[in-house]
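Below you'll find the structure, written out as structure tokens, and then a few comments.
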Amino acid sequence: MRFRAKIVDLACLNHFSRIINTIAKLAKTCILRLTVCKLYFILSDKVANGGASMWCELSQGNFFDEFQMEGVAAEHNEIYLEFVPENLWRAFKTAQSAKAVKIKLTNKHCPCLRVAVELPSLSSSSRIVTHDIPVGVIPRRMWNDFREPSVPDFDVSIYLPVLKTMKSVVERMKNLSNFIVIEANLSGEMNLKIETDLVSVTTHFKDLGNPPWASEDGYQSSAQGRDVESMAEACIDIKKLQQLLAGQQVNPTKALCSKFNSSACELQLVGSFAILSFSRISVFIFVCLKVNIFTAPEDFQYLYF
Amino acid sequence: GACFLSLAVFGRAIHAIARISDEFWFDPIEKGLALRSVNSSRSAYACVFFSSMFFQHYCWTAGTQPCQKEKQLSLPCKLIIKSVLPVFRCVNVLERNVEKCSICSSPSEQHITFQLLCRHGVVKTYNLTFQECDPLQAVFAKHMCPNILKVHSRLLADVMIHFPSSQEEITLSVTPVKVCFKSYTEEDTDFSRTMLTEIQLSPEEFDYFQVGVDSAVTFCLKELRGLLAFSEATSVPVSIHFDRCGRPIAFSIEDLLLEASFILATLCEAEKEAASPEPNCHLYKYCIFQFHSLFFGAVSYKEKAIGDTFQSLVTASDTEEELGALQSSPVL
């Protein structure tokens, strides 16, 4: 098993760091899956009453100048590593002015991701900061636990309002109730509602627009033929939603929310660097956040719908 | 009594010393005011000396005459840091809001008064009781160290930022061509759970670089952070004096108005003592500098009336050399 990669471009470094920061805020441990062309950050949620379940896919060519990987075996040319994203964030946090950042899989005392940051210095030779981040190698028999999540049919898909606005609305609603209802229809209208014994508060958003889903693989079938005015709704644990919105370090240009048939709700943020998707496992009780991050809009190939 | 020229600097000194211990020695002498502190395990010592010129107004009267036999000592005294810290809480805003700060001692009433004259006519007075105590002083022959580095505090801050704030100890290792700071790990560290960080620098980055003996010294970073913050506030370069592992390491800053020294014990690894007669002795020993307890108010190296030699842990074997060097080594 070998892995070696290098980032030299400051903008790429910055974006990669921000993605790591987002992930570090969502999960204590995380899986890094390496293939020849892509990196995946996966969190397979096993928490019974909801939590972040995350699937993040990055095209290595969009970040790395050099990227070499040799998997566990020729016919299984992949590597799965378990690590603490907070550690990786710590290594990248102070690397923002680096000349180059190299990542390597090593095995000195134990398997580690060695991040070597070359920093500019006052003298002719650079400063080198090396971080050894311990990782656990996931054996092949467990790889199935981290498969791509399948995406069910959805009812409604809508672009979200400006995230900052949505964040502050949800933040305030959090003080009043534990659950929030998200309603949306195909006419670009969305409501955020909370209801308690004493008070009910609704924030209305209009003219948001609905993304035109190409009918690839028939994924949009249940949404077609739907009455454009009728609202699809989903009830979600408000703390999880707020945590997701607060953790956002990547700035999406557009955000999407897709409602599934009554038992799931998916929130998706689409941007030049991010798609975030948020879904619920079962009504009222469970919350599952699904995060998909792509590097370019064309990666947003409706793979997850 | 004393009035401040730079309150922020004084405040930062208090904060720096607070990292070492909960109490500190308040020791005014003719030349200026010394603040000293030592931690409970006697493995870290700090001394900040403000020359009388640092203050707008400095007035000191000797409490005792040298010929007097009886001990009539009200100063130096010990103060609890926790009671002083609130006075200098938000150092950044201090200078904006406080026009004048004065410190006076009233031995008869057994307290030291800190008085802040603030804007809008507000006067804050803090009366802090003190305990009489024996003076504290550490002797460390800095000039005898083979390794001396001098560097701007900014560089040290840029290096330390790569370590987590929870990092307890780090190892500084030097050769004539390389300087390296790295996280320290004990033998029984669980590497599968520990993230390790290492920073390599070139000697060219230092204002002064002298390495007489290759060495790797491990010391407590947490205690040092106080000095680093303080030196950034004063923007005076930091000098680092050290030797082989086991000997103390001194971080100091010095300019016309003040001198500060933080002396930290370093770890001594058992492997280096192959000839040790006690195979079961504790793996690591902290070797520290000596303390002298002197019974005179003014601490002066000319008076070699050394009372009990205060040793709490293993002392360096060349004790005699250090005593002999008292003549020329600075009193801290």
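Tell me which residues, restricted to the stretch B:30-57, are of a type in the set (A, V, I, L, M) and out of contact with any helix residue (DSSP H, G or I) (no Cβ under 9 Å at 6 or more places or on another chain).
Hits for the stretch B:30-57 are B:A34, B:V38, B:M53.
Taking the conditions exactly as written (at the interface with chain B (Cβ under 8 Å from one of its Cβ atoms), more than 19 Å from A:A27 (Cβ to Cβ) and β-branched (V, I, T)), does A:V129 satisfy them or not?
Here the answer is yes, as A:V129 does meet what is asked.
Being under 26 Å from A:R141 (Cβ atoms), touching a residue at least 24 places away in the same chain (Cβ under 8 Å) and among the β-branched types (V, I, T) narrows it down to one of A:I19, A:I23, A:I7, so name that one.
Only one candidate qualifies: A:I23.
State all residues of the stretch B:34-93 that are of a type outside the set (A, V, I, L, M, F, W, C), assigned to a loop (DSSP other than H, G, I, E, B) and at pLDDT 70 or above; if no residue qualifies, say none.
B:N39, B:S40, B:S41, B:R42, B:S43, B:R89
What number of residues within the stretch A:104-134 are in contact with a strand residue (DSSP E or B) (Cβ under 8 Å, 6 or more places away or on another chain) and outside any loop (DSSP other than H, G, I, E, B)?
20
If I filter the stretch B:251-259 for residues that are within 22 Å of the chain's Cα centre (by Cα), more than 25 Å from B:K31 (Cα to Cα) and buried (at least 22 other Cβ atoms within 10 Å of the Cβ), do I get at least one hit?
No, the stretch B:251-259 contains no residue that is within 22 Å of the chain's Cα centre (by Cα), more than 25 Å from B:K31 (Cα to Cα) and buried (at least 22 other Cβ atoms within 10 Å of the Cβ).
In the stretch A:61-101, what count of residues is obtained for those that are more than 14 Å from chain B (Cβ to nearest Cβ) and not in a loop (DSSP other than H, G, I, E, B)?
Number of matching residues: 12.
Check whether at least one residue in the stretch A:117-125 is more than 13 Å from chain B (Cβ to nearest Cβ), surrounded by fewer than 18 Cβ atoms within 10 Å (Cβ to Cβ) and under 26 Å from B:L196 (Cα atoms), and report yes or no.
Scanning the stretch A:117-125 turns up no residue that is more than 13 Å from chain B (Cβ to nearest Cβ), surrounded by fewer than 18 Cβ atoms within 10 Å (Cβ to Cβ) and under 26 Å from B:L196 (Cα atoms).
With respect to A:K167, determine if the residue is surrounded by 14 or more Cβ atoms within 10 Å (Cβ to Cβ), over 21 Å from the mean Cα position of the chain (by Cα), closer than 30 Å to A:A232 by Cβ and of a type in the set (D, E, K, R).
no
Suppose we filter B:T171, B:T175, B:T218 for residues that are more than 21 Å from A:V115 (Cβ to Cβ), surrounded by fewer than 21 Cβ atoms within 10 Å (Cβ to Cβ) and more than 13 Å from chain A (Cβ to nearest Cβ); which single one remains?
Sole residue among the options that is more than 21 Å from A:V115 (Cβ to Cβ), surrounded by fewer than 21 Cβ atoms within 10 Å (Cβ to Cβ) and more than 13 Å from chain A (Cβ to nearest Cβ): B:T175.
Being away from chain A (no Cβ under 14 Å), exposed (fewer than 15 other Cβ atoms within 10 Å of the Cβ) and out of contact with any Leu (no Cβ under 6 Å at 6 or more places or on another chain), is that true of even one residue in the stretch B:147-162?
no
Could you list, in sequence order, all residues of the stretch A:135-186 that are part of a loop (DSSP other than H, G, I, E, B), at pLDDT 85 or above and hydrophobic (A, V, I, L, M, F, W, C)?
Selection gives A:V135, A:I138, A:L176.
Please work out if A:T29 is within 15 Å of the chain's Cα centre (by Cα), surrounded by fewer than 21 Cβ atoms within 10 Å (Cβ to Cβ) and of a type in the set (V, I, T).
It is true that A:T29 is within 15 Å of the chain's Cα centre (by Cα), surrounded by fewer than 21 Cβ atoms within 10 Å (Cβ to Cβ) and of a type in the set (V, I, T).
Results for (1) touching a Ser or Thr at 6+ places or on another chain (Cβ under 7 Å); (2) farther than 17 Å from B:A18 by Cα, shown as yes or no for each residue.
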| site | (1), (2) |
| --- | --- |
| B:I199 | no, yes |
| B:A233 | no, no |
| B:C245 | yes, yes |
| B:P248 | yes, yes |
| B:A265 | yes, yes |
| B:C268 | no, yes |
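Only one of A:D197, A:D217 is part of a loop (DSSP other than H, G, I, E, B), modelled with pLDDT under 65 and of a type in the set (D, E). Can you tell me which?
One residue alone meets the criteria, A:D217.
Output yes when any residue across the stretch B:149-161 is touching a Ser or Thr at 6+ places or on another chain (Cβ under 6 Å) and not in a loop (DSSP other than H, G, I, E, B), and no when none is.
Yes, some residue in the stretch B:149-161 is touching a Ser or Thr at 6+ places or on another chain (Cβ under 6 Å) and not in a loop (DSSP other than H, G, I, E, B).
For the stretch B:183-192, indicate whether the set of residues that are under 23 Å from the mean Cα position of the chain (by Cα) and within 14 Å of chain A (Cβ to nearest Cβ) is non-empty.
Yes, because at least one residue in the stretch B:183-192 is under 23 Å from the mean Cα position of the chain (by Cα) and within 14 Å of chain A (Cβ to nearest Cβ).
Report whether or not A:A91 is out of contact with any Leu (no Cβ under 8 Å at 6 or more places or on another chain) and surrounded by 18 or more Cβ atoms within 10 Å (Cβ to Cβ).
yes
Of the conditions (1) in a loop (DSSP other than H, G, I, E, B); (2) under 21 Å from the mean Cα position of the chain (by Cα); (3) within 22 Å of A:Q96 (Cβ to Cβ), B:P164 fails just one. Which one is it?
(2)
Is it the case that the stretch B:94-113 has a residue that's touching a Lys or Arg at 6+ places or on another chain (Cβ under 9 Å), of a type outside the set (D, E) and modelled with pLDDT under 70?
No: zero hits.
Scan (1) more than 22 Å from the chain's Cα centre (by Cα); (2) away from chain A (no Cβ under 14 Å) for the single condition B:A141 breaks and write down its number.
Going through the list (1) more than 22 Å from the chain's Cα centre (by Cα); (2) away from chain A (no Cβ under 14 Å), B:A141 breaks only (1).
The values are calculated or read from the model by the stated rules, or taken from the named source; none is laboratory data. Predicted model only: the values in this text are computed from it and were never measured. Because the Cβ atoms are built from the backbone with ideal geometry, glycine has one as well, and the counts that use them run over all protein chains shown.
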